[in-house]
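Where a number appears in this text, it was derived from the coordinates with a stated rule and is not lab data. Source: prediction; values computed, not measured. Backbone-built Cβ (ideal geometry, glycine too); neighbour counts: all protein chains shown.
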Amino acid sequence: MAFRRLGRSLSVALVVLLLLTLPGLLRLAMAPPHLRLFPGQAYLLREGFFYRWVDPEARGWLASTASGLRLQSDALGHGRLELRLLGWLPLGTMEVSVVPRVQVVPGGQSIGVLAAMDGLVIERTVDLPARPGEGSVRSPAAEAGVRAGDRLLSIDGHPVQRPADVERWTQLAGRQGRPVRLEVERGSERLSVRVRPLRVEEGGQERFLLGILLRETTAGVGTLTFYHPGEQVFAALGHQVTDSRNRPVTLHQGRIVLAPVEGLRRSLSGDPGEKVGVLDGSGPLGIIEKNTPFGIYGRLLREPPHGLFDHPIPVALAHEVRPGPAQMLTVLEGQSVQAFEVEILEVRSQRAPSDRGLVLEITDPRLLARTDGIIQGMSGSPIIQNDRLVGAVTHVFVNQPRRGFGILAEWMVYETGLDQALPWAEGEPQAREAQERKRVA
């Protein structure tokens with residue numbers, strides 16, 4: 001009998017304990033696992049009657065106010081808070097970092113992404129008009145066995161990366177009156193083909209041609225999200241570049257170039273539209289160093305032209321982004337970056353980085369009149385709210401093209417390493433002084 005009473009008492013105690021801990025566990029589940037703040041920035045923590053947040057390292061970050069428990073620090077640093085039941089039973093922890101305020105220049109420029117694959121794709125062979133007395137139209141490359149889809153790797157032993165490389169060695173061989181040796185890749189085979197350049201006249205000038213149309217290997221058109229002039233880094237797209245089988249494309253040492261928009265295809269339900277861009281011949285903007293689930297990142301070679309911003313703006317932390325009006329920067333024609341009105345419908349509470357942290361809707365009638373929503377090529381378009389970079393467009397809802405997903409800008413900054421490269425908050429003298437005091441101490 002005594003055992004039964006003891007069992008009932010234990011059951012009641014467990015139920016009471018569960019009822020006491022459940023609100024705290026729910027609160028912990030809603031809290032970010034890793035909270036980041038800027039120096040001097042305050043964040044209010046919610047507590048309950050039976051559970052409270054505790055600073056086990058006694059950093060002095062917590063202060064009780066009429067509005068709740070305030071978390072704040074003037075110095076950069078890292079620590080953790082514990083959520084405890086009745087002040088002693090730990091329910092869980094939350095990591096806290098006081099980080100520098102990073103500022104970047106928003107992009108919006110239309111870019112082409114060139115994969116870092118060797119050689120050039122032979123798009124097709126081309127018949128050339130022969131000189132009088134030298135026969136009819138012909139393609140020397142086709143006659144030698146070159147096919148559309150082959151990859152041209154080298155010419156006379158010289159690796160080729162750009163059409164200008166082929167032009168150079170073809171003209172040299174033509175003037176010397178000899179054939180060129182092309183190394184081509186066809187499937188898993190490598191072939192050596194000898195082609196004699198054909199002499200033609202263009203605009204009164206003599207040239208030597210092989211009769212092939214070349215193109216660089218491109219992974220498509222997207223949008224530059226931001227860059228940092230001082231650290232010479234860039235971020236774009238906001239999502240990973242994949243092939244037709246959804247496998248990541250090798251882009252290390254690939255390039256980004258300007259891609260002026262020459263046309264638009266409107267979005268339809270079930271069929272997202274697209275930007276039609278052409279690759280600019282002014283040279284690369286940057287070298288791609290990594291292709292991640294949160295976009296492509298790399299080394300900036302020169303500052304992108306045609307931007308709306310010529311100065312950096314702050315990057316918002318995840319908890320600073322709010323549902324409400326915002327602006328999206330993108331290109332609809334040529335190289336002109338424009339700002340369009342959007343509405344952030346939802347900011348998702350993320351326990352881990354993701355390229356779908358925002359839900360947004362296009363509201364600008366100018367943009368809707370041209371595209372009827374988000375189209376391919378807008379990936380990476382920066383989202384500005386309250387004069388801060390808060391995110392970038394990543395995906396379109398296929399059946400609701402006026403809506404789509406975005407990534408939080410904070411995750412993209414971490415991929416660039418700017419949070420580690422900048423020793424203190426840019427433009428924050430109080431934070432710099434606090435950090436200096438900390439170092440001296």
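With a 10 Å Cβ neighbour count serving as the proxy for reagent exposure, in which order, fewest first, do VAL278, VAL105 appear?
Numbers: VAL278 14, VAL105 21.
Starting with the residue having the fewest Cβ neighbours, the order is VAL278, VAL105.
Exposure proxy ranking for PHE38, PHE405, based on other Cβ atoms within 10 angstrom of each Cβ and starting from the fewest, stands as PHE38, PHE405. Distance from the C-alpha centroid of segment 291-312 to that of segment 348-380: 19 Å, rounded to the whole angstrom.
Taking neighbour Cβ counts within 10 Å as the exposure measure, how do MET328, MET94 sort from fewest upward?
Details: MET328 26, MET94 18.
Taking fewest neighbouring Cβ atoms as first place, the list is MET94, MET328.
Note down the magnitude of the dipole of segment 118-215 about its Cα centre, charges +1 on Lys and Arg C-beta and -1 on Asp and Glu C-beta and zero elsewhere, to the nearest 20 debye.
Details: 17 positive and 15 negative charges, 31 e Å.
Magnitude of the dipole: close to 160 debye.
The Kirkwood radius of segment 118-215, taken over pairs of alpha-carbon atoms, gives through the Stokes-Einstein law at 4 °C and 1.567 mPa s a diffusion coefficient of 97 µm² s⁻¹.
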